[in-house]
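What follows is a single structure, written as structure tokens, with notes after it.
The values are calculated or read from the model by the stated rules, or taken from the named source; none is laboratory data. Everything numeric in this text was worked out from a predicted model, so none of it was measured. Here the Cβ positions follow ideal geometry from the backbone for every residue, glycine too, while neighbour counts run over all protein chains shown.
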Amino acid sequence: MAVRTSLVHPTPLPTITPGARLGSLFVGSIRISVAVAAPSELVWEHLSDLSSHSDWMRDAVSIVFENDQRRGVGVRMKVPTVVGPLRVTDLMEVDEWTEGKSIGVRRLGRVSGEGRFQISSHPGGSTLTLTESLRFPWYLGGALTGWFARPILRRVFRSNLVGFADRVEALL
């Protein structure tokens, strides 16, 4: 059994972002990359299938689309999410879609922020990188919750990417 390699990029400690909504504190950015032994076209084919994300994301219970759109900028979805005792329904909107390369979302629910998947090609496969920046509202503990949640989220996000890579590689 091969050992999967991933990179957990160092990020600064939680900070308050200028212009952040009152009572909503930025908890820093998490960036994780995982090598996928598959061509970027195959990685994109499966990453761009937004309806399948709850199949490989441990924290996403399901995905409910708000209309018939499933691809591209403007897709809106509700994603019931569970991480430990924290249960929220994320309202997300795709705000970046670069065919074959990247997908970006804005989180518009109680936990707000931005997320971005990016695919890069290299000899022997691809690298899938996830960057997440989250803000927890004061009534969910604000920056304190973010500080405690950060290492847990890093593990969950890494596990999600490894699960995705394993899923895609199994198709080869």
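For residue 169, state whether it is more than 13 Å from the chain's Cα centre (by Cα) and either surrounded by 15 or more Cβ atoms within 10 Å (Cβ to Cβ) or of a type in the set (Gly, Ala, Ser) (or both). Yes: the conditions hold for residue 169. In segment 92-109, the residue that is surrounded by the fewest Cβ atoms within 10 Å (Cβ to Cβ) out of those that are more than 13 Å from the chain's Cα centre (by Cα) and assigned to a strand (DSSP E or B) is 98.
Could you grab me the full set of residues in segment 1-56 that are in a loop (DSSP other than H, G, I, E, B) and modelled with pLDDT of 95 or more? Of everything in segment 1-56, those that are in a loop (DSSP other than H, G, I, E, B) and modelled with pLDDT of 95 or more turn out to be 37, 38, 39, 48, 49. Only residues that are polar (S, T, N, Q) and either crowded, with 19+ Cβ neighbours inside 10 Å or modelled with pLDDT under 95 (or both) were counted across segment 110-126, and they come to 2. Applying the selection to segment 141-154, what residues are within 18 Å of residue 61 (Cβ to Cβ) and surrounded by fewer than 16 Cβ atoms within 10 Å (Cβ to Cβ)? Answer for segment 141-154, where residues must be within 18 Å of residue 61 (Cβ to Cβ) and surrounded by fewer than 16 Cβ atoms within 10 Å (Cβ to Cβ): just 152.
Selection of segment 95-110 for residues being closer than 20 Å to residue 143 by Cβ and in contact with a Gly (Cβ under 7 Å, 6 or more places away or on another chain) yields only 107. Selection of segment 140-172 for residues being without any contact (Cβ under 8 Å) to a residue 40 or more places away in the chain and under 18 Å from residue 83 (Cα atoms) yields 141, 144, 148, 151, 155. Among the conditions (1) without any contact (Cβ under 8 Å) to a residue 60 or more places away in the chain; (2) on the phi > 0 side of the Ramachandran plot; (3) in contact with a helix residue (DSSP H, G or I) (Cβ under 7 Å, 6 or more places away or on another chain), residue 74 misses just one, which is (3).
Could you list, in sequence order, all residues of segment 135-152 that are part of a strand (DSSP E or B) and in contact with a Phe, Trp or Tyr (Cβ under 8 Å, 6 or more places away or on another chain)? Break it down stepwise before answering.
Narrowing segment 135-152 to residues part of a strand (DSSP E or B): 135-137.
135, the sole residue that qualifies.
Within segment 92-109, being of a type in the set (A, V, I, L, M) and either modelled with pLDDT under 95 or under 15 Å from residue 156 (Cβ atoms) (or both) holds for one residue alone: 108.
Taking every residue in segment 52-71 that is more than 18 Å from residue 153 (Cα to Cα) and without any contact (Cβ under 8 Å) to a residue 12 or more places away in the chain and pairing it with any residue that is of a type in the set (Val, Ile, Thr) and surrounded by 13 or more Cβ atoms within 10 Å (Cβ to Cβ), at least 6 positions away or on another chain, the pairs with Cβ-Cβ distances below 6 Å are 69/75.
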